[in-house]
1. For segment 1-23, indicate whether the set of residues that are at pLDDT below 95 and closer than 25 Å to ASP163 by Cβ is non-empty.
2. So for segment 31-53 (the condition being within 23 Å of VAL303 (Cα to Cα) and free of Cβ contacts under 8 Å to residues at least 12 places away in the same chain), does at least one residue qualify?
3. Hey, among GLY88, GLY73, GLY78, which residue is touching a residue at least 60 places away in the same chain (Cβ under 8 Å), more than 22 Å from LEU5 (Cα to Cα) and either of a type in the set (Gly, Ala, Ser) or surrounded by fewer than 16 Cβ atoms within 10 Å (Cβ to Cβ) (or both)?
4. Filter segment 61-80 for residues that are of a type in the set (Val, Ile, Thr) and outside any helix (DSSP H, G or I) and give the result.
5. Inside segment 106-127, can you point out the residues that are crowded, with 17+ Cβ neighbours inside 10 Å and touching a Leu at 6+ places or on another chain (Cβ under 8 Å)?
6. Go through (1) under 30 Å from ASP228 (Cα atoms); (2) of a type in the set (Ser, Thr, Tyr); (3) in contact (Cβ under 8 Å) with a residue 40 or more places away in the chain one by one and return the number of the condition SER127 breaks.
7. In segment 156-176, which residue that is among the hydrophobic types (A, V, I, L, M, F, W, C) and in contact with a helix residue (DSSP H, G or I) (Cβ under 7 Å, 6 or more places away or on another chain) is surrounded by the fewest Cβ atoms within 10 Å (Cβ to Cβ)?
8. Tell me, yes or no, whether segment 242-252 has at least one residue that is over 21 Å from the mean Cα position of the chain (by Cα), at pLDDT 95 or above and within 21 Å of HIS307 (Cα to Cα).
Amino acid sequence: MSLKLGAYTACLHDHPLEDVLDILKTNGLTSVEVNTGGFLPAPHCPVDELLSSAEAREEYLETFASRGMELTGLNCNGNPLNPLPGTGPKHADDLRRTIELAGLLGIRNVVTMSGTPGSDPGAKYPSWVVNPWDGVYMDVLDYQWGVATGFWTDIDALAREHDVRVAIEMHPHNLVFSPVTLTKLVELTGSTNLGAEMDPSHLMWQGMDVAACIRHLGPLVFHAAAKDATLCPGVDIRGVLDTSFERVPADTPGKVPTGIGYWCNSWPPDPAWKFVAVGTGHDTTYWTEFLTALAETDPDMAVNIEHEDAARSQLDGLALAAENLHAAAANL
């Protein structure tokens, strides 16, 4: 088994890169994914400097290599199709710059989201359609897929030019949130360099069979996250599409940023579902099957822990996730 086990460093955003790599190494992890823009700033990747200097790129990669670590992905999750003029164009530019940087660094995979346009050409805000039984929502989807097809056809060409693969996280509130919608985007664009980042957590709470999703997509799975989720008792009356979130002031201690000026809203106290540390929502057998399905697709795939368990600290949650992921990998 040669799957590359590692972590996405956003959960350690307040630690210097060198310290982050030492923390990952202590937990037996060798694969690293860093943020480069989109919803989040890029504390572990000086994008401008790296784009402009071959010497800086060489030194940056040596920071990883000297510790026996490998940079396996650049993460630029955002909404590049957002109609807000201060958001969509910036996220799209961040993505293009990330693809260029990945090519210069020799990094094969860029992780991002498909994005969600507005409902029509005059819309101010993005609009996510999940149940288009009413015909008007089919009209919305037709418009949105047209926008997405044009944008992602261009991104696919850019990725091909730089010998980079774009791995799209199938994330609700995006046009692409399932294997079916991921395949639809690939088919509409005729892409060669668009595929999936297999983050199982969002598929879990939607009720999907994650191993079946991996095998359904096959070679379209480029990259993976190790992130767990669990349904909670609140699902009995809320359902998984619950909207009972609350605004939280930006200066609240512990508030989670999703970007400069943007923060996660607060889950209800009895949520329908929540993110948990790897191995605490689903057992070792489940995670072994997850890794087995990934290895069938690509035995060298990077699988990076994404720690978002609000009940555990950065270090404790990451350590627990690493321990459980290693236990699952030992069964392969």
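The values are calculated or read from the model by the stated rules, or taken from the named source; none is laboratory data. No experiment lies behind these values; they were computed from the predicted model shown. Here the Cβ is made from the backbone with ideal geometry for all residues, glycine too, and neighbour counts use every protein chain on show.
1. Yes: one or more hits.
2. yes
3. Sole residue among the options that is touching a residue at least 60 places away in the same chain (Cβ under 8 Å), more than 22 Å from LEU5 (Cα to Cα) and either of a type in the set (Gly, Ala, Ser) or surrounded by fewer than 16 Cβ atoms within 10 Å (Cβ to Cβ) (or both): GLY78.
4. Filtering segment 61-80 down to residues of a type in the set (Val, Ile, Thr) leaves 63, 72.
Scanning segment 61-80 gives a single hit, THR72.
5. Across segment 106-127, the qualifying residues are ILE107, ASN109, VAL110, VAL111, THR112, SER114, GLY115, THR116, PRO117, PRO126.
6. (3)
7. First, pick out the residues of segment 156-176 that are among the hydrophobic types (A, V, I, L, M, F, W, C): 157-159, 164, 166-168, 170, 175-176.
Then keep just the ones that are in contact with a helix residue (DSSP H, G or I) (Cβ under 7 Å, 6 or more places away or on another chain); that gives 158-159, 164, 166, 168, 170, 175-176.
On the way: LEU158: 17, ALA159: 25, VAL164: 24, VAL166: 28, ILE168: 29, MET170: 25, LEU175: 24, VAL176: 25.
The qualifying residue surrounded by the fewest Cβ atoms within 10 Å (Cβ to Cβ) is LEU158.
8. Let us first name the residues in segment 242-252 that are over 21 Å from the mean Cα position of the chain (by Cα), namely 242-252.
Applying the additional criterion that residues be at pLDDT 95 or above yields none.
No, segment 242-252 contains no residue that is over 21 Å from the mean Cα position of the chain (by Cα), at pLDDT 95 or above and within 21 Å of HIS307 (Cα to Cα).
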